[in-house]
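Scroll down for the structure; my scribbles are underneath it.
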Amino acid sequence: MADRPAGYQQFLAELKRRRVFRVMAVYGIVGFAIIEVADAVFPRMALPDWSVTLVVWLALLGFPIALVLAWALELTPEGVRPTAGAAPGELTEIIASPAWKRWSAAILALVGVAALLAGAWYAGRQSAPTAGADPATSRASASIAVLPFADMSPKNDQEYFSDGISEELLNLLAKIPGLQVAARTSSFSFKDQNLEIREIAERLDVAHVLEGSVRKDDDQVRITAQLIRADDGFHVWSETWERMLDDIFAIQDEIAADVAGQLKVTLLGAAPTGQATDPAAYTLFLQARHLGRQRTADGVEQSDALYRQALGIDSSYAAAWAGLASNYFYRADIGLVPVEVGFPMAREAANRALVIDPEYAPAYATLGRIVSNYELDLDAAARHLERALALEPTNTEILHDAGHMAEHLGRVEEAIALSAYEVARDPVNPRAHAGLGYKYLSAERWDDAITSLRTALSLSPGRISAHLAIGSALLQKGEPQAALAEVQQESLESFRLGGLALAYHALGRADESDAALGELIEKYEQSRAYNIAYVLAFRGETDRAFQWLDRAAQAKSPDLPIIPVQPEFASIHNDPRWLPFLESIGKSPEQLAAIEFEVRLPQ
């Protein structure tokens, strides 16, 4: 009795004799391999995320079944049959064998089980939603921000090129159905801030971040891209390309396709690809866009010249024509060139872009702004914007324009919804917050307007018209002293003078109001007839207000579309001349109500 092996030793020996350890090892290794293959292959076969999870659960559930079958059955030359009992002394012989023979099968089994569990953990982590995310949105696998790639060029003088590559990648990814991509303005706002990936991702409400670097040396380009999971900083994927500049468009397409595959996004058809052009024209285009966005007189002028150089190389470059149209529109809109010169040039350039590429959405959006602000044809403008949104329904810049269109049509609640969506998608874009603030002004929600406009100023101090708009809201609230302090900070002189005339009038300081209005008229009577008109309306000088409105209409002031909801005109709404004037510019309530314009917010 004393020499009889312990019960647990007999049990382990029986497990070895029945080859249970071997089954555990083989099952674990094979199961691990199957899970890894499913995790890598299923997304590329457009199978849903839950299909990988199903494989994991089947592998885990099959494990105990395999062990029971291994214990109960054995494979013999006569076929599968119940496992026979142990021969006398067989278990004792196994127990008495050397340690390496006794435990080798058990160790191998533990390795197999560890492999199975590791595969299950990894695949489950890849397909599971991020903690705190809404599972219905699959946020962990379907949201991304593209940060501006670092310029690693020898002279560190290719920032426009590295930023441009980043933006082109963002635009390609934004075209993938089911993938939520943070807007450019918000993603690029973190440039040079040295923030952790997790913090950036939290502020942009995304689960993944794409970052990288670009090194350009003459015609040699080296691009490194890496996809990072935000919650733990894990590098999901990285790649480096060293090519000639001629291959830049192929590289962009490869990166977009690889990112989509890594994020397991179901593509409705092939992955989108960018439009290729001459590499020299592309480089000039990126530089022109970079300068144009500075929105300075010199920057826009240099941008125009670079766009023309690009078109001199490739006259069929639709994006360059659209960029030129946007520049012409901006210069006419703020008075750098006469409206009768700038707006027709913008229209011609936008039309050239659409002749080349009838599905280039930004060109339709620019046409919508031109037709609305210069030609006052809101029906045609609505058609252009609807077409732009049909082509790119998640483009926040086009949605911004759609919000303005809804406001111009007097559909203020719809305009607020569009601007609120833009803010949600582009949370650190000052233009988005300012746009929402203007919509709140139109809705007479003064406190909400002030909050949104102050957010815009916190993101972009000195933003043109923001202080004037806050001052307007404060005047409507009956706080003229606070309004005066606000408009004194307005950076654009013509807006500041108009705001001072309003605030001084509300404070009863008539001489100072007259002085500010007189200076506004003296300096800006050609370009700011609309502003002069609403100052006069606010001051109760109705006859003079209508005189200046007529001058604004004759000059085709780009500010006229907002007139039905401009709060400073409220005092003349009951004048018998008001409705006829609105009708003369196509803005009467009946005319606006007859215009069909429907925008569905992206899901």
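Numbers below:
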{"quantity": "Cα centroid separation - the range 310-353 against the range 197-224, whole Å", "calculated": "31"}
{"quantity": "Largest-first ellipsoid semi-axes for the range 154-224, taking √(5λ) over the Cα gyration tensor eigenvalues, angstrom", "calculated": "24, 16, 10"}
{"quantity": "Sequence-separation-based contact order of the range 182-234, relative, with Cα cut under 8 Å and 6+ spacing, percent", "calculated": "32"}
{"quantity": "Simple spin-label estimate for Q294 and Q481 in nanometres, 7 Å along Cα-Cβ", "calculated": "4.3"}
{"quantity": "Prolate/oblate/rounded label for the range 328-452 (Cα gyration tensor, a/c 1.5)", "calculated": "prolate"}
{"quantity": "Hits among lysines - C-alpha to C-alpha of K264 under 21 Å, sequence gap 8 or more where chains match", "calculated": "K175"}
{"quantity": "The range 547-603: projected area of the alpha-carbon convex hull, averaged over directions, in nm²", "calculated": "5.3"}
{"quantity": "Sorted peptide list for 234-243, 171-180, criterion being average Cβ within 10 angstrom, highest first", "calculated": "171-180, 234-243"}
{"quantity": "With DNA, RNA and ligands ignored, accessible area of M152 (1.4 Å probe; Å², nearest 10)", "calculated": "110"}
{"quantity": "Exposure ranking of E392, E348 by accessible area [1.4 Å probe, largest first]", "calculated": "E348, E392"}
{"quantity": "By accessible area with a 1.4 Å probe, ligands and nucleic acids excluded, highest first: order of K191, K155", "calculated": "K155, K191"}
{"quantity": "Taking all pairs of distinct alpha-carbon atoms in the range 497-603, Kirkwood radius in angstrom", "calculated": "14.8"}
{"quantity": "FRET efficiency, 1/(1 + (r/R0)^6) with R0 41 Å, evaluated for E583 and D314 via beta carbons", "calculated": "0.35"}
{"quantity": "Global geometry of the range 153-279, whether rounded, prolate or oblate, following the gyration tensor of its Cα atoms and the 1.5 cut on a/c", "calculated": "oblate"}
{"quantity": "Calculated FRET efficiency for the pair E301/N574, C-beta based, R₀ 51 Å, to 0.05", "calculated": "0.65"}
{"quantity": "The range 331-486: relative contact order in percent, alpha carbon pairs under 8 Å with at least 6 residues between", "calculated": "11"}
{"quantity": "Tail weight of P(r) past 16 Å, computed on alpha-carbon pairs of the range 223-346, percent", "calculated": "69"}
{"quantity": "D219 accessible area, assembled protein chains, probe 1.4 Å, Å²", "calculated": "90"}
{"quantity": "Estimated translational D of the range 282-356 in µm²/s (Stokes, Kirkwood radius over Cα pairs; 37 °C; 0.692 mPa s)", "calculated": "276"}
{"quantity": "Largest-first ordering by accessible area, 1.4 Å probe, given options D218, D550, D163", "calculated": "D218, D550, D163"}
{"quantity": "Calculated log₁₀ intensity ratio I(q)/I(0) where the Debye formula runs over C-alpha points of the range 214-266, q = 0.26, 0.28 Å⁻¹", "calculated": "-0.99, -1.07"}
{"quantity": "Counted charge near W446, where neighbours are those whose Cβ lies closer than 14 Å (Asp, Glu -1; Lys, Arg +1)", "calculated": "-2"}
{"quantity": "The range 366-408 and the range 520-593: distance between their alpha carbon centers, rounded to Å", "calculated": "23"}
{"quantity": "Cut-off 20 Å, label 7 Å out along Cα→Cβ of V341, residues of the range 559-576 by amide N", "calculated": "559"}
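The values are calculated or read from the model by the stated rules, or taken from the named source; none is laboratory data. Just so you know, these numbers come straight off a predicted model, no measurement behind them. FYI the Cβ positions are ideal-geometry reconstructions off the backbone, even for glycines, and counts take in every protein chain you see. Keep in mind that these areas ignore ligands, DNA and RNA; they rest on the heavy atoms of the full protein, side chains included. Shrake-Rupley method; radii C 1.70, N 1.55, O 1.52, S 1.80 Å.
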